[in-house]
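The values are calculated or read from the model by the stated rules, or taken from the named source; none is laboratory data. The structure displayed is predicted, hence computed values, not measured ones. Heads up, the Cβs are rebuilt from the backbone with ideal geometry, glycines too, and the neighbour counts pull from every protein chain shown.
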Amino acid sequence: MAQKITLKKIAKDLKVSISTVSKALRDSHEISMETRDKIKEYAREFNYKPNSIALSLKNQKTKKIGIIIPEIVHHFFATVISGVERVANEKGYQVIITLSGESFDKEVVNMDMLANGSIDGFIMSLSKETMEKQDFHHLREVTNQGMPVVMFDRVSNDISCDKVIIDDVAAGHEATEFLLRKGRKRLGIISTVDYVNVGRLRSQGFKQALQQRGFEVEDRQFLKIEDIDSCEKDIENFVVNNNFDAIVAVNELFAVMASKALQKAGKKIPEDVAIVAFTDGILSKFASPTLTTIGQNGEEMGGVAAAILIEKLESKNHDNEIYETVIVKTTLIERESTP
C-alpha cells in the first residue's frame with residue numbers, strides 16, 4: 001500500500017521543517033522561491049492537496065469540534081475537555097481531542113489533519129513551542145478560510161478569534177495579596193518562562209501586589225521553569241536556599257515539588273513556609289499538606305468556549321465578524337498549606 005503523503009512526510013523527505021512545507025504550499029513570501037518550487041513540485045508529483053483547498057470546497061457540516069491541547073495529564077486541561085464535551089454533546093456535537101505535546105510541529109500537523117473536512121471548528125490552547133516561535137501561520141490559514149477558532153488559557157492577541165481566559169494578572173495578585181494578609185513578607189514565585197503568557201501574567205500580578213505594599217522586588221524572587229521534566233532540582237534549590245516564608249506556584253505540580261523539597265529540608269508547612277498554587281486538581285486535594293489554590297474553573301471555561309464556538313457555527317450571519325474575550329472568574333480555595 002502506498003504511504004499517505006502528509007506535511008510531516010514532505011518535510012522529512014525534503015529535509016525541511018513542517019512549518020516551511022506548510023508556508024510554501026500557501027505561497028508564503030517568507031519561503032524562498034527555490035524552496036517553494038521544490039515543495040510544490042513534490043506535492044504535485046504525489047498528488048498532495050493543501051487543506052486550504054479542502055476547506056474552500058467544504059460545504060457540509062460534520063457536527064464535530066476539534067480540541068488541540070498541550071497535554072492531557074494536567075488536571076486543568078482535563079476539566080476544560082469535560083466542559084467542552086458537556087456543552088457540545090447537549091447541542092448534538094461530537095468532540096475530537098488531539099495533543100500537541102507542547103510541540104509546534106505537532107500542533108501544525110494536528111490542525112492540518114482536522115481541518116481537512118473532519119471538523120467544523122477548533123477549540124485550542126497554544127503549545128509552548130508555538131508561543132516561543134510566535135508563528136501562527138497555521139491558525140491564520142484556518143481562520144482565513146472561515147473556520148472558527150476559540151482559544152483558551154494560552155492565547156495570542158495576534159490572531160483574531162474568540163478567547164476564553166482568566167485574568168491571570170489579577171489572579172497572581174490575589175494569590176500574593178492573600179499571603180501578605182497572612183503576615184508573610186519574604187515571597188517567591190515559581191513560574192514558567194516569559195513566552196508562556198499565563199506564567200508571565202501571573203508573575204506580573206505577583207510583582208504588582210508586592211510593590212503596592214511597598215516591598216522591593218528582586219530577580220532572585222522569580223524562578224522561571226522551561227523544562228517541566230527536569231525542574232525538580234531547580235525548585236529545590238530555589239525554595240530551600242532563599243529563606244522565603246511563602247511561595248506562589250503557577251501550577252500545582254510546581255507547588256507539590258516545592259512542598260516536598262521544603263519538608264525534606266526540615267521546614268514545616270505552613271508554619272515556616274506557606275504555599276499557594278494554581279489549578280485545583282487532584283494533586284492539590286491529596287498533597288500532604290493539602291494545597292491552597294487559585295481554582296481556574298476549567299470546566300466552566302470549556303463550556304463557555306464550546307458555547308461560543310457552536311453559536312458561531314450555527315449563526316447565519318458571518319459578515320462583520322465580532323470577536324469576544326470572555327474572562328472566567330477564579331476561586332481561592334483555602335487548605336492546609338496556608339495558615
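Only one entry of ILE282, ILE275, ILE310 meets the criterion of being of a type in the set (Val, Ile, Thr) and in the same structural domain as ILE159 (by TED's automatic domain parsing), and that entry is ILE310. Among the residues of segment 155-162, is any acidic (Asp, Glu), buried (at least 17 other Cβ atoms within 10 Å of the Cβ), in contact with an Asp or Glu (Cβ under 6 Å, 6 or more places away or on another chain) and at pLDDT 95 or above? There is at least one residue in segment 155-162 that is acidic (Asp, Glu), buried (at least 17 other Cβ atoms within 10 Å of the Cβ), in contact with an Asp or Glu (Cβ under 6 Å, 6 or more places away or on another chain) and at pLDDT 95 or above.
Among the residues of segment 113-126, is there at least one that is surrounded by 20 or more Cβ atoms within 10 Å (Cβ to Cβ), touching a residue at least 24 places away in the same chain (Cβ under 8 Å) and among the hydroxyl-bearing types (Ser, Thr, Tyr)?
First, the residues of segment 113-126 that are surrounded by 20 or more Cβ atoms within 10 Å (Cβ to Cβ): 114-115, 119-126.
Subsequent filtering for residues that are touching a residue at least 24 places away in the same chain (Cβ under 8 Å) retains 114-115, 119-126.
Narrowing further to those that are among the hydroxyl-bearing types (Ser, Thr, Tyr): 125.
Yes, that holds for at least one residue.
Close Cβ contacts (under 7 Å, 6 or more residues apart or on different chains) running from residues in segment 218-229 that are outside any helix (DSSP H, G or I) to residues that are surrounded by fewer than 16 Cβ atoms within 10 Å (Cβ to Cβ) comprise LYS224/VAL193; LYS224/ASP194; GLU226/VAL193. Scanning segment 191-217 for residues that are assigned to a loop (DSSP other than H, G, I, E, B) and either free of Cβ contacts under 8 Å to residues at least 40 places away in the same chain or surrounded by fewer than 15 Cβ atoms within 10 Å (Cβ to Cβ) (or both) yields VAL193, ASP194, ARG213, GLY214, PHE215, GLU216, VAL217.
Across segment 234-252, which residue is nearest to LEU210 (Cα to Cα) among those that are of a type outside the set (Asp, Glu), surrounded by fewer than 22 Cβ atoms within 10 Å (Cβ to Cβ) and in contact with a helix residue (DSSP H, G or I) (Cβ under 9 Å, 6 or more places away or on another chain)?
First, pick out the residues of segment 234-252 that are of a type outside the set (Asp, Glu): 235, 237-244, 246-251.
The next check asks that each one be surrounded by fewer than 22 Cβ atoms within 10 Å (Cβ to Cβ); those that pass are 237, 240-243.
If we keep only those that are in contact with a helix residue (DSSP H, G or I) (Cβ under 9 Å, 6 or more places away or on another chain) too, we end up with 237, 240, 242.
Numbers: ASN237: 23, VAL240: 21, ASN242: 17 Å.
Once the filter is applied, the top-ranked residue is ASN242.
Inside segment 292-339, residues that are assigned to a strand (DSSP E or B) and either of a type in the set (A, V, I, L, M, F, W, C) or at pLDDT below 95 (or both) make up a count of 5. Highlighted here are the helices (runs of 4 or more DSSP H) found entirely within segment 43-117 that include at least 3 residues which are modelled with pLDDT of 95 or more: 75-90, 104-115.
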